[in-house]
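Each remark here refers to the structure printed beneath this line.
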Amino acid sequence: MSAIDQLRSLSSAEDFFDTLGVAYDPTVLRVARLHILRRMGEYLYTNEAVGSDDDIWLACRAFLENAYNDFLESSPIEQRVFKVLKDAVKPKEEPKPSFVSLSPVVVSSHDMERQNSV
């Protein structure tokens, strides 16, 4: 089984840390588990792990360590890895003004005759 297949089979944050051999504080993991794994995924996405299974394994271990360290020094709110947290601090867009045309309304002579006959 390849390194990536082994990682795909894992089901908890603790499994990732134990399998990759990364030490962790359960208190930190309890608070930021999803954020840490999401950040690891971002690192994997931007720094494609390539090479032999050993190279991929070492890269994934380093990405998990880096992600964990990000949350040792700051909180999930400060790191904002999820869209909902990023959107919470995004500047609000000014509403676009409604368009109301000030040009005169053109009424055909036929319509004018009909209005006058009523």
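Please tell me if Tyr24 is modelled with pLDDT of 85 or more, in a loop (DSSP other than H, G, I, E, B), surrounded by 18 or more Cβ atoms within 10 Å (Cβ to Cβ) and out of contact with any Cys (no Cβ under 7 Å at 6 or more places or on another chain). Criteria met by Tyr24.
Do we find that Ile77 is modelled with pLDDT of 75 or more, hydrophobic (A, V, I, L, M, F, W, C), on the phi < 0 side of the Ramachandran plot and in a helix (DSSP H, G or I) in this structure?
Values: modelled with pLDDT of 75 or more: no; hydrophobic (A, V, I, L, M, F, W, C): yes; on the phi < 0 side of the Ramachandran plot: yes; in a helix (DSSP H, G or I): yes.
In short, no.
Cβ-Cβ distances below 6 Å connect no pair with a first residue in segment 21-37 that is farther than 21 Å from Ile56 by Cα and without any contact (Cβ under 8 Å) to a residue 24 or more places away in the chain, a second residue that is among the aromatic types (Phe, Trp, Tyr) and surrounded by 13 or more Cβ atoms within 10 Å (Cβ to Cβ), and a separation of six or more residues or different chains.
The values are calculated or read from the model by the stated rules, or taken from the named source; none is laboratory data. Bear in mind that the values here come from a model prediction, so they are computed numbers and not experimental data. Glycine also receives a Cβ, built like all others from the backbone with ideal geometry; neighbour counts cover every protein chain displayed.
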